[in-house]
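First up is the structure itself, then whatever we jot down about it.
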Amino acid sequence: MTPDRSAQPPSQPIADLQIAIAAFVAGAGWLFSIHALAEFPPLLFLGSRFVIAGLLIGLLARFASFAELGRAVRLLLPAALALAVAMMAWIFGLKQTTNPGVAAFITSTGNLLVPVFGLLFFGWPVGRALWISIAVALAGMGLLFLGPGARVEVAHLFLWSRP
């Protein structure tokens, strides 16, 4: 009898390859977004992303009745609206920034803030590793602004809202 391989974690080289592919796809998404915003108005770009994603999810969703669908929509609507506002702020920041590299770094530091807000609002426990990560990210952020011509832009404030 052969062991079930689906229950085993991937080997280290496979896991490294998966991380590399995820980083490549994320970077390609950034480049696509920057180039798309050069051609499309921000609301059209954002709206088309939401419509396409909604259609894809809708094709996979199974609801027994329209009442069940309505209940799901009522439960998801507040989160969808919050995501839409956050995405619009991110798109506006991305459209206004002069340095996409700084924009990408700032956006990625937003992920470190989720556990901090969880601590403040919900009392989630936060480990020492998070505080060390925040310190390293702040040092990196400081290094981004050392070069000549580096400046803090209003667009940077909008980029932290990225979900």
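Tabulated data
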quantity: Potential extension, Ala23-Leu60 segment - 0.36 nm per residue separation minus Cα distance; calculated: 10.7 nm
quantity: Loop sites in region 62-114: trypsin sites (Lys or Arg not before Pro), DSSP, at most 12 other Cβ within 10 Å; calculated: Arg62
quantity: Projected-area average for the chain over all orientations - Cα convex hull basis, square nanometres; calculated: 15.1 nm²
quantity: Residue-averaged [θ]222 nm for the chain, counting only DSSP H segments that reach four residues, each worth -39500 (n - 2.57); calculated: -26500 deg cm²/dmol
quantity: Accessible area (Å², per residue) of region 93-163, counting only protein heavy atoms and a probe of 1.4 Å; calculated: 64 Å²
quantity: Prolate/oblate/rounded call for region 79-133, Cα gyration tensor, a/c under 1.5 rounded; calculated: oblate
quantity: Percent accessible area from carbon and sulfur atoms, region 4-163, protein chains only, probe 1.4 Å; calculated: 74 percent
quantity: Separation of the Ala82 and Phe122 label points, Cα + 7 Å toward Cβ, nm; calculated: 0.9 nm
quantity: Region 101-111 - phi-based ³J(HN,Hα) in whole Hz, Karplus 6.51/-1.76/1.60, Gly and Pro as x; calculated: x, 5, 4, 5, 5, 4, 4, 5, 5, x, 5
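The values are calculated or read from the model by the stated rules, or taken from the named source; none is laboratory data. In this text, all values refer to a predicted model and were calculated from it rather than measured experimentally. Every residue, glycine as well, gets a Cβ built from its backbone with ideal geometry; the counts of neighbours run over all protein chains shown. Heavy atoms of the whole protein, side chains included, go into the accessibility calculation; ligands, DNA and RNA do not. Shrake-Rupley method; radii C 1.70, N 1.55, O 1.52, S 1.80 Å.
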